[in-house]
Amino acid sequence: MAQNSWPGAHGGGWGGAPQWGGPPPAPQPGVIPLRPLALGDVITGSFATVRGHWKTLAGVTLAVQAIALSVMALVVGIAAASVYDHFDPVFHPPFGEDPAPEHVVPLVIAAVVVFVLLMVIGVLGMAVIAALCPAVLKEAVMGRPTTFRALWRASVRRAPAVAGAMFLSGLIAGSPVFAVLAVWLPLVSSAGSGEDALALLGFLPLLMLVAAPLAVWLGIRFGLAPAVVVMEGAGPVTGLRRSTALVRGEWWRIFGYTIVAVMLAGAIAYATQIPFNLIGTFAMMPALQGIPEHGAPSTGAISALVFAFVLLFIGGTAGQVFQIAFSHLASAMIYVDQRIRREGLAGAILADLAAGPAPGAAAEPAAPVAAHPAPTAPHRPDGAGES
């Protein structure tokens with residue numbers, strides 16, 4: 001029998017006589033009612049989670065970005081210092097001469113190493129944020145408070161597994177595009193610059209028309225893996241398998257929910273940046289005009305530029321934080337919806353809430369429990385069909 005991440009038994013509802021006019025409303029201890037969710041429930045539940053836990057979400061996200069940017073700057077600084085003596089011979093060689101290999105090779109190696117390290121740091125930072133959102137949502141669904149310290153620990157603890165799930169799902173989802181490029185690029189290189197090369201350039205969009213839908217299908221199929229990894233304590237491979245099982249048979253509905261959530265997050269993030277960008281741009285224009293062609297800029301011009309850049313940075317950061325958090329929250333909300341539909345998660349949540357917290361337990365996300373295969377006769381509440 002499947003074991004829920006929220007301890008408790010499957011099935012079960014609230015007893016009592018039915019109300020006049022229809023069945024009683026589903027219990028709602030937190031941000032969503034414990035029943036199969038419609039699109040509006042997913043969106044309003046994600047907004048309610050952001051509104052109720054914005055301090056924790058923003059605090060952890062900003063801390064991750066600050067640490068990631070600092071480490072990236074340190075990596076770039078160390079790499080630049082280590083190959084500083086090779087910059088001038090490569091970028092300013094003697095007239096009529098090519099840079100010597102002993103100067104070019106260290107720069108190329110340093111660039112490759114820096115690129116790989118920056119990618120790893122970026123993926124780990126994104127994994128912490130991706131682990132944060134399901135951890136916050138778990139407490140929000142149960143109506144429990146959150147703290148920065150507890151969620152930071154929970155996010156960092158699950159970040160490596162989430163990074164593995166994100167890497168594997170991205171690799172699998174992108175494999176159709178990678179396969180097209182792996183075939184197309186050698187053909188273009190072998191064709192040279194003749195008419196065959198032009199024909200192959202025009203053939204690439206047709207190949208992408210076939211590869212892109214397959215990539216989207218795979219992306220949605222494995223899109224719930226980060227939430228599985230966090231809420232069920234699963235490994236990356238198990239997360240992919242569980243995501244496949246939860247999405248099976250309802251791909252189109254999950255695809256529609258995901259597209260709406262991502263587009264809404266992007267639109268709100270863009271709208272959030274507009275006032276900051278406008279004020280920052282208007283503050284920057286007179287400052288740039290006041291800078292003399294020869295000589296140092298005035299103190300007022302420097303202050304206006306700093307003010308403008310600070311506004312642009314605040315607007316961009318606020319929009320990015322909301323877009324990332326809302327998208328991951330919506331994905332985790334879809335995961336909860338699928339568990340409610342297929343595995344009776346609502347009953348498990350109510351049983352856990354009825355049991356109450358253990359004596360002396362801290363108000364932090366409970367340690368997740370690994371999930372097992374779904375039961376042969378899963379509980380499906382009334383009306384749990386396609387939305």
| Highest mean first, what order results for 33-45, 217-229 on Cβ atoms within 10 Å? | 217-229, 33-45
| request: With a/c under 1.5 counting as rounded, go ahead and sort region 74-229 into rounded, prolate or oblate using the C-alpha gyration tensor (a ≥ b ≥ c being the square roots of the eigenvalues; past the cut-off, prolate if a/b is larger than b/c, else oblate). | output: oblate
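Assuming R0 = 51 Å, what is the FRET efficiency of Met263 and Ile302, from their Cβ-Cβ distance, to the nearest 0.05?
Values: r = 40 Å, r/R0 = 0.78.
Taking R0 as 51 Å, the efficiency between Met263 and Ile302 is 0.80.
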| task | Could you please state, rounded to a whole Å, how far the C-alpha centre of region 107-161 is from the C-alpha centre of region 336-354? | result | 26
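Going highest first, how would you order 88-97, 64-73 by mean Cβ packing within 10 Å?
Details: 88-97: 10.0, 64-73: 14.7.
In descending order of packing, they fall as 64-73, 88-97.
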| said: Is the C-alpha gyration tensor of region 151-240 telling us rounded, prolate or oblate? Criteria: a/c under 1.5 is rounded; beyond that, a/b larger than b/c is prolate, otherwise oblate. | reply: prolate
| note | Residue by residue through region 215-227, the couplings from Karplus 6.51 cos²θ - 1.76 cosθ + 1.60 with θ = phi - 60°, in Hz, x for Gly and Pro, are 5, 5, 4, 5, x, 5, 4, 9, x, 8, 4, x, 5
| field | Vicinal HN-Hα couplings computed from phi for region 79-96 (Karplus, 6.51 cos²θ - 1.76 cosθ + 1.60; Hz; Gly/Pro x) | value | 5, 5, 5, 6, 10, 4, 5, 8, 5, 5, x, 7, 8, 9, x, x, 4, x
| query | Gln320 label point, 7 Å along Cα→Cβ, cut-off 12 Å on backbone N: hits in region 265-284? | reply | none
| region 23-76 and region 249-288: distance between their alpha carbon centers, rounded to Å | 17
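Here, each number is a calculation from the coordinates, and none is a lab measurement. Keep in mind it's a predicted model, so treat the numbers as computed, not measured. All Cβ positions, even for glycine, are placed from backbone atoms using ideal geometry, and neighbour counts span all protein chains on display.
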